[in-house]
Amino acid sequence: MLKHLPNAMTCGNLLCGCFGIVQVYAGNLPLAAGLIFAAALLDFGDGFVARLVNAQSAIGKELDSLADCVTFGVLPAFIIFSLLGAFTEGFETLSLQGDYLPYVAFSLAVFSALRLAKFNVDTRQSDSFIGVPTPANALAVAAFPLMIAYGQPGADLVQQPWFLVGYSLVMSYLLVAELPLMAFKFKTFAWADNQIKYIFLVLSTLLLLFLQFAGLPLIILLYILFSLVFKK
C-alpha cells in the first residue's frame, strides 16, 4: 500500500488545482491561493515519500508534471485573469467580444506547460534548474490575493493592470529562459558547501516574518538574483 502513497499525494496536488479553479470562479481568491500552498506541500512531499518507500517510477514523474501543470500553471493564470477582470467587465461577464486584456494571464498556463515538458526531457536539470520552477511562480501569484485580502504592503501594486500584465509576460519568459537557477538539494549540510543557500534561506525567513505574504514575491525575485549573481 505504501508504494501508492506518492502517487496519491500527487493526485491530491491535482485536486487542489481543480478545487482552486472552482474557487476562482466563485470569487474566493484567498481560498484558491491557500490551495496552491497546500498543493506545494503535497508536491514537495510526494517526491520525499517516493524516495523513502523506494516507489519512484516513470509514471509518477509524468503524473507529477501533469498535476503541476494544472495547479501551478492553470490555477495561477486563472487568479491573475480574475484580478485583471476586476478592472474590466468582471470575471463572470468576460467574453471574447469584450476586453482582451485579462486573457494575457493565460500565457502563464502555456509557458508553465512548456517549462514542465522541457524539465522532463532536459538531462541538465538534475542538480539545478534552468528557468523558474512552476511552483515558485505559483507561490508568488498566490500571494497577490492574500496581500489584497489582508491589506499587506504592496496590495495596491498587485491590483494594477499594468503590473499584472507585466508580471504575466515577464514570468512567462523566465519559466522557459535558459537561466541556471539554484536547486535546494543538499549533498551535505556543511556551511562551506552550502553557504549561499543558507544565506538565502535566512533572508527568506526574515522576509516572511516581517512582510508575511508580501514577502513571497520578493523571495522569488531574491532566488533569481542569488542564482544569477552566485552561479558557479
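Annotations for the structure displayed:
- Principal-axis tilt of helix 75-85 within the chain, Cα atoms, nearest 10 degrees: 20
- Longest exposed-site-free window of the chain, the sites being chymotrypsin sites (Phe, Trp or Tyr not before Pro) in a DSSP loop that have at most 13 other C-beta atoms within 10 Å: 1-99
- Angle in degrees between helix 29-52 and the longest Cα principal axis of the chain, rounded to the nearest 10: 20
- Theoretical gain in end-to-end length, Asp122 to Leu5 [0.36 nm per residue, Cα-Cα removed]: 39.5 nm
- The relative contact order of the chain, computed from alpha carbon pairs under 8 Å that lie at least 6 residues apart in sequence, is 20 percent.
- Cα extents of the chain along the three principal axes, largest first (Å): 52, 40, 31
- Distance between the modelled labels on Gln160 and Tyr103, one decimal in nanometres: 2.6 nm (7 Å Cα→Cβ projection).
- The residues Lys3, Lys61, sorted by heavy-atom accessible surface at 1.4 Å with ligands and nucleic acids left out, run Lys3, Lys61 from largest to smallest.
The values are calculated or read from the model by the stated rules, or taken from the named source; none is laboratory data. Not measured: the values here are computed from a predicted model. Cβ atoms come from the backbone with ideal geometry, glycine included; neighbour counts cover every protein chain shown. Areas reflect the complete protein model, heavy atoms only, side chains present, ligands, DNA and RNA absent. Shrake-Rupley method; radii C 1.70, N 1.55, O 1.52, S 1.80 Å.
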